[in-house]
Every structure is written in structure tokens, then in C-alpha cells.
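A.B. asks: The structure under discussion is supplied below as C-alpha cells; questions concerning it will follow.
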Amino acid sequence: MWLTKNNMKRLFIIIVICGLFSPVFAKELASSPRRIVSLAPSTTEILFALGLGDRIAGVTSFCDYPEEARKKPKIGGMSNPSLEAVITMKPDLVVMTTDGNPKEFEARLRSLKIRTYVFTARRLAELPQGIRDMGVIVGAPEKSDSLAQEIQDGIDRYKKRNAARRTGRSATRKKVLFIIWPEPLIVAGPGTVMDDAIGLLGYENIAVSAKTSYPKYSIEEVIRQAPDVIFVGKASGMDIRDVSRKILNRLAPVPAVRNGSVFYISDNLYRLGPRVIKGIEELTACER
Amino acid sequence: MRTVRFGIFIIAAAMILALALFAGPRMINPFHLSGTEREILFAIRLPRVVVAMLMGMALGASGAILQGVLRNPLADPYILGISSGASLAAALGLMSGFYFFGSLSVPVAAFIGATLVSLLVGAFGWKRGGLWPERLLLAGIGLNFLFSAVLMLLMSVSSDEGLRRAVLWMFGDLSMADWTLIPPASAFVVVGLGIAFARSKALNALILGDEFAHSLGFAVQRERLFMFAAMALMTSASVSLGGTIGFIGLLMPHIVRFLLGADSRVLIPASAVAGGAFLCLADLIGRSLMPPMELPSGTVTAVIGAPYFLYLLRRKDVLSV
């Protein structure tokens, strides 16, 4: 008989020990998810930057950066992700944002006992803390800490460099317009990452008085406000230079167009993620 | 009496036009123009007001024609699927990289789409050597549903921003209006209005029934074809100028009937004038309400048009065409 009294005792001790540690194991498992579904391009980029690319089980059809993100299985769009597609991926964490994902979707996931994390940072200043918080949840606290620090350093660098200009009289500040889409004219308004970046560099966003983040802006008003610099953001799927030819023609009397200060830039600033500092650097092109 | 009313009507329309040209979130004083203001007035305001007027005229007159031809007070030029077909064509054009015409590609694709759909509706409405009102209406409704559904399908599977925004434009936006499209579009509108006005007596007869019109000596099918062609020309031109602007085609003929009577010889030109003035007014409101933001004129027309329409409905005993 192998079940001697002695053996029984040992077995009992082993079971008790396992029982004691099981909450720790469970917590360990829960804190570092293995199958993450990301419902926004920005969180996808952050997850990749944290070196968690191989743990990402699914992304949205808008997630196109970095290149590996394109190869990940798709779960639909940002505003209309497919619940079924998400569930089929058996995620142990779904990362969402307050900037584009429907709130009800999170409630649905939670009612199905799927763990969610909502990334709430929406402004440039909130990004470092947002990355740190997310890093803890996805089990990459050190990496997220260094990424956050990197971004914070970048922000501080520009802040310091432009401190003098930002406190200067507004008349001496460069007036800037950031075009998101030329036809009809949609620009970056208050509360956007673009607006934060423009402010950080000591420029003045002429669309700041608009009431929404991405206002359909009056062309007349652009001519009146006479921006010194115009940035045209990248659009996926088509050549933005072609599409913006007409609007730039119409804005011919504006100093930015007259002086050739129209800059076509990438989509680095469109997503509150690891590329924002690069995006801010792109804006400084207008100083050269 | 009617001439006096018509006179008041024209004066009111002219005043709205002037208001649209000089008023707004920032007034322009025509007697004291700075360089920038001159630029804004001639390069932006004036083409915008002209486009609004042309579109409104085309839609108002098309509505009057179509309600008569279909003998249905609910008809408007969009119910036949012309606008959804135009939007679909513009979207498909952009997806397949249709860019021959540079920034004119969207309007050109929209015009082609609108014309093709008009022909298609006409083909489905054609039987025994002529167009039949019920057939036209049902074919149009069917095609409208089909095109809207395909458009929705394209939108939901596409992640192309440009496409989404271009289609957004199709929902009534005058902010991009400039001089380039005005000459061809006004030619279409003038020809369409001319045909409709010249045949308005026949339309009066058609409204009373095919047999009645026949007994008065009108070639029923030929007249109907003329009217349909005039409507298609004007609606296509309007869609390619600024997308789909709702409610004008439905509403203007009813307002004019209420104010000036149902005689097509007055109804068609007056609906055109009313439509033009109404769209100018809606656009003025759209750009003045939340400056420097602009609200799409299409939404404004529906928001102020629908309540007035319902008010008229309450006041009227019998609805007629």
C-alpha cells in the first residue's frame, strides 16, 4: 500500500501548501494576460512598444502600425467592433479607449466575464501616466515606465525650449492651422493631441475657438485669421496632396500658402501613443 | 392679386439672397470692402450663394414636376434613388481610384451616377411604349433601397478615411462651392427649367389624369418623358454641385401651392425661386449658428423645413398635387 499514514500526511501537507499559494498563482496569472485584444490603434501601438506584440490576439481594422499589427487578426472597426469576433479570440484582457470605443461594448464584455482595461488618457499631458497605468495591468511595468519617461522627457524638452515663446505676446506667436481633411475642411480643434502639440511648441492654433475637437471649419474664417503655417495630416488610402490642391488654391491669399509654409506630415500625432514625440518634432519643420 | 403675391414672393427671395451674400458670423459691407473682404466675397461667398441658389432651384422645380408626374404629394427627387445612386457612384469612383478629374472627380462621378440611375428608373418605369407613374415610383423606391444598402455596406467594410469623408460630403455640404462647377451646372438647370416651364400646361393636364390630358390633345407619354428628363437633368446637376440636400424638393411645391395656387405654370418657377432662397437661408444659418464651425446645410433645411411642413399639413384640409 503506498497510502501509508506517513504518505497521507505528506500529501496533506502538499495540498495545504498548494492551497495557501493558489491565490498568489491566480493573481500572477491574472496580472499578466496572455491573449490581449486591442480595440484602438493607439493602444495597439503602445502594446507593441511595450514588447507585447506576440501576446496580442486581435486588433481593429484601423490598426496599421507597426507593420506587424496589420498581420494580426481583425475584430472590426473602432466604433463597431464585433463582439463575436472578440469572444472567439478567447482574450484574457480587452484593452479599450474612451476615445472612439462605445461604452456599452465594455459593459457587454464585462457581463460576459471578460476582463477589460479602459485607457482614459486623451491629452498629451496625460499620456505618460496612462502608459504607466496600462503597463501595470498588462504586466510590463518596467518597460512602460521607461517608455513613459521617454515621452515625459520629450515633452519637458520642448516645454523648456519654448518656454520663452509661450509666455511671449500672442502677436509674435506663429499662427497655425492643422488640416485633418481638406474637402470639406476639417481641422484639429481644441482638446486634440495636435492642438496640445501646437501649444507645446509655442504656436497658436487658429481653430482653438471652435466648439468641437474636429470642427468643419469656415474657409472664410481661415482667410481672415491668416495662419502663418498650415500642416496637412496624412490620410489613409489616398494621396492627400491631390485632395488638398483645391483648398490650398482657395486659401491662396493666406500667408502660409503665399510663403510656401504648407507642410505635409505623417499621422504620428493622430494617435495618443509612442509616436507623439516624433510627431511634435515633425511640426518643428516649419521653423527651418 | 396673384401677380402681386408673386411680386412679393420674388422680392422676398431677392432679399434673402442679398442677406446670404453679405450677412453671416461676420458682416461684409458692400460699400466698404477691404482686400481680404473682397477676396472672401468674390472667391467664397458669391460662388457659395450661387451654388445654393442653383441647387435649391433645381430641387424645388424637380419636386414640383415629380409630384405632378407621379400624381403623388409625397414625391421628391430623391425618392427615386437618384441621390443614393449618385453617392454610391461617387464612393465607388473613389474606391477604384477614379481621379481623372482631380478635385472634380467626386462631382463628376456623382453626376454620372445620378444620370445612370435616372435612366435605370426610366427603364423600369417603361412599359407598353411609355412611362407609368406607379411603375416609376415603385422602381425608384426599390432602387433607392438597393443603392442605400450597398452604400452602407461599403461604408461598414471600408476603413478608408477619404471615402468616409467624401460620402459625408454627399450629405449636403456647400462649403467647397467654387466657380468651376457653376457654368455646366447652371446650363443643366436652365435647360431643365426651360423644358419644364414650356411644358407646364401639359403637366396641369397630366395631373388631372391621362385620359383627360389625352382628350385635351396632349401626347401623354411624350409629355411625361419630357418632364421626367427635365427633372433628371436638374436633380443630377444639383447632386453633383453639393450632394444630397433633403426636404427642399418635397417642401417647396407644397408651400408654393399654399401661397400661390397649384397652377404648374406658376408652381414650377415659383418652387424654383422658393427653393433657391430657402437653401441660401439654410446655408446662412448653418454657417452663422456656431462660428467658426459650419453645420451642413442639408441638416439645417430638414430641421427648419420639417416643422413648417407639419404646420402647413395641420392647416390644410385636402392635400393635392
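A.B. asks: Quick check on the range B:10-23. Is at least one of its residues touching a residue at least 40 places away in the same chain (Cβ under 8 Å), outside any helix (DSSP H, G or I) and in contact with a helix residue (DSSP H, G or I) (Cβ under 8 Å, 6 or more places away or on another chain)?
C.D. replies: Looking for residues that are touching a residue at least 40 places away in the same chain (Cβ under 8 Å), outside any helix (DSSP H, G or I) and in contact with a helix residue (DSSP H, G or I) (Cβ under 8 Å, 6 or more places away or on another chain), one finds at least one in the range B:10-23, hence yes.
A.B. asks: A follow-up question, please. Could you go through the range B:46-54 and let me know if any residue there is within 14 Å of chain A (Cβ to nearest Cβ) and not in a helix (DSSP H, G or I). Steps first, answer last, please.
C.D. replies: Pass one, the range B:46-54, residues within 14 Å of chain A (Cβ to nearest Cβ): B:46-49, B:51.
Those still in the list that are not in a helix (DSSP H, G or I) too: none.
So far as the range B:46-54 goes, no, none of its residues is within 14 Å of chain A (Cβ to nearest Cβ) and not in a helix (DSSP H, G or I).
A.B. asks: Could I ask something else about it? Out of the residues in the range B:284-321 that are free of Cβ contacts under 8 Å to residues at least 12 places away in the same chain and in a loop (DSSP other than H, G, I, E, B), which is farthest from B:Gly63 (Cα to Cα)?
C.D. replies: B:Met290
A.B. asks: Restricting to the range B:214-250, name every residue that is crowded, with 21+ Cβ neighbours inside 10 Å and among the aliphatic types (A, V, I, L, M). Reasoning before the result, please.
C.D. replies: Filtering the range B:214-250 down to residues crowded, with 21+ Cβ neighbours inside 10 Å leaves B:224, B:227-228, B:230-245, B:247-250.
B:Met227, B:Ala230, B:Met231, B:Ala232, B:Leu233, B:Met234, B:Ala237, B:Val239, B:Leu241, B:Ile245, B:Ile248, B:Leu250, listed by residue number.
A.B. asks: Is there a residue in the range B:276-283 that is modelled with pLDDT of 90 or more and within 14 Å of chain A (Cβ to nearest Cβ)?
C.D. replies: Here is the first cut: in the range B:276-283, the ones modelled with pLDDT of 90 or more are B:276-283.
Those still in the list that are within 14 Å of chain A (Cβ to nearest Cβ) too: B:283.
Checked the range B:276-283: at least one residue is modelled with pLDDT of 90 or more and within 14 Å of chain A (Cβ to nearest Cβ).
A.B. asks: In addition: Sort out which residues of the range A:242-286 are more than 9 Å from every other protein chain (Cβ to nearest Cβ), surrounded by fewer than 22 Cβ atoms within 10 Å (Cβ to Cβ) and farther than 28 Å from A:Thr44 by Cα, and write them in order of number.
C.D. replies: A:Leu248, A:Pro255, A:Val257, A:Arg258, A:Asn259, A:Gly260, A:Ser261, A:Val262, A:Cys286
A.B. asks: Turning to a different aspect of this structure: Evaluate the range A:196-209: report whether one residue or more is of a type in the set (D, E, K, R), over 22 Å from the mean Cα position of the chain (by Cα) and at the interface with another protein chain (Cβ under 7 Å from one of its Cβ atoms).
C.D. replies: No: zero hits.
A.B. asks: When you check A:Lys234 against the structure, is it among the charged types (D, E, K, R), part of a loop (DSSP other than H, G, I, E, B) and not assigned by TED's automatic domain parsing to the domain that holds A:Gln129, yes or no? I'd like the intermediate steps shown before the answer.
C.D. replies: On the way: among the charged types (D, E, K, R): yes; part of a loop (DSSP other than H, G, I, E, B): yes; not assigned by TED's automatic domain parsing to the domain that holds A:Gln129: yes.
Against the criterion (among the charged types (D, E, K, R), part of a loop (DSSP other than H, G, I, E, B) and not assigned by TED's automatic domain parsing to the domain that holds A:Gln129), A:Lys234 qualifies.
A.B. asks: Checking A:Ser218 against (1) among the small types (Gly, Ala, Ser); (2) touching a strand residue (DSSP E or B) at 6+ places or on another chain (Cβ under 8 Å); (3) surrounded by fewer than 20 Cβ atoms within 10 Å (Cβ to Cβ), only one condition comes out false. Which one?
C.D. replies: Against the list (1) among the small types (Gly, Ala, Ser); (2) touching a strand residue (DSSP E or B) at 6+ places or on another chain (Cβ under 8 Å); (3) surrounded by fewer than 20 Cβ atoms within 10 Å (Cβ to Cβ), A:Ser218 comes up short only on (3).
A.B. asks: Could you list, in sequence order, the residues of the range A:228-280 that are of a type in the set (Ser, Thr, Tyr) and either farther than 30 Å from B:Glu39 by Cβ or modelled with pLDDT of 95 or more (or both)?
C.D. replies: Narrowing the range A:228-280 to residues of a type in the set (Ser, Thr, Tyr): A:236, A:244, A:261, A:264, A:266, A:270.
The answer is A:Ser236, A:Ser266, A:Tyr270.
A.B. asks: While we're here: Assess whether A:Gly189 counts as being facing another protein chain (nearest Cβ under 10 Å) and closer than 24 Å to A:Gln152 by Cα.
C.D. replies: Judged against the criteria, A:Gly189 is a match.
A.B. asks: Out of all the residues in the range A:210-226, which are more than 23 Å from A:Arg275 (Cβ to Cβ) and more than 7 Å from chain B (Cβ to nearest Cβ)? Break it down into steps so the answer makes sense when it comes.
C.D. replies: Of the range A:210-226, the ones more than 23 Å from A:Arg275 (Cβ to Cβ) are A:210-212, A:215-226.
Result: A:Val222, A:Gln225, A:Ala226.
A.B. asks: Looking at the range B:211-248, which of its residues are hydroxyl-bearing (Ser, Thr, Tyr) and in contact (Cβ under 8 Å) with a residue 24 or more places away in the chain? Let's see the steps before the verdict.
C.D. replies: Filtering the range B:211-248 for residues hydroxyl-bearing (Ser, Thr, Tyr) gives B:215, B:235-236, B:238, B:240, B:244.
B:Thr235, B:Ser236, B:Ser238, B:Ser240, B:Thr244, listed by residue number.
A.B. asks: Okay, moving on. Out of the residues in the range B:24-45 meeting the condition of being small (Gly, Ala, Ser) and in a helix (DSSP H, G or I), tell me which one is modelled with the lowest pLDDT. I'd like the intermediate steps shown before the answer.
C.D. replies: Applying the first criterion (small (Gly, Ala, Ser)) to the range B:24-45 yields B:24, B:34-35, B:43.
Right, trim to in a helix (DSSP H, G or I) and you get B:35, B:43.
Values: B:Gly35: 80, B:Ala43: 85.
Looking at the filtered set, the residue picked out is B:Gly35.
A.B. asks: Collect the residues in the range B:138-155 that are crowded, with 20+ Cβ neighbours inside 10 Å and modelled with pLDDT under 90, keeping them in residue-number order.
C.D. replies: Residue satisfying the conditions is B:Leu151 alone.
A.B. asks: Check A:Lys143, A:Lys174 and return the single one that is in the same structural domain as A:Thr97 (by TED's automatic domain parsing), surrounded by fewer than 21 Cβ atoms within 10 Å (Cβ to Cβ) and either touching a helix residue (DSSP H, G or I) at 6+ places or on another chain (Cβ under 8 Å) or closer than 27 Å to A:Val86 by Cβ (or both).
C.D. replies: Every option except A:Lys143 fails the conditions.
A.B. asks: Separate question: Of all residues in the range A:246-277, how many are in contact (Cβ under 8 Å) with a residue 12 or more places away in the chain, part of a helix (DSSP H, G or I) and not polar (S, T, N, Q)?
C.D. replies: Total meeting the criteria: 11.
The values are calculated or read from the model by the stated rules, or taken from the named source; none is laboratory data. Since this is a predicted model, take the numbers as computed values, not measurements. Don't worry about glycine lacking a Cβ; one is built from the backbone with ideal geometry, like all the others, and counts go over all protein chains shown.
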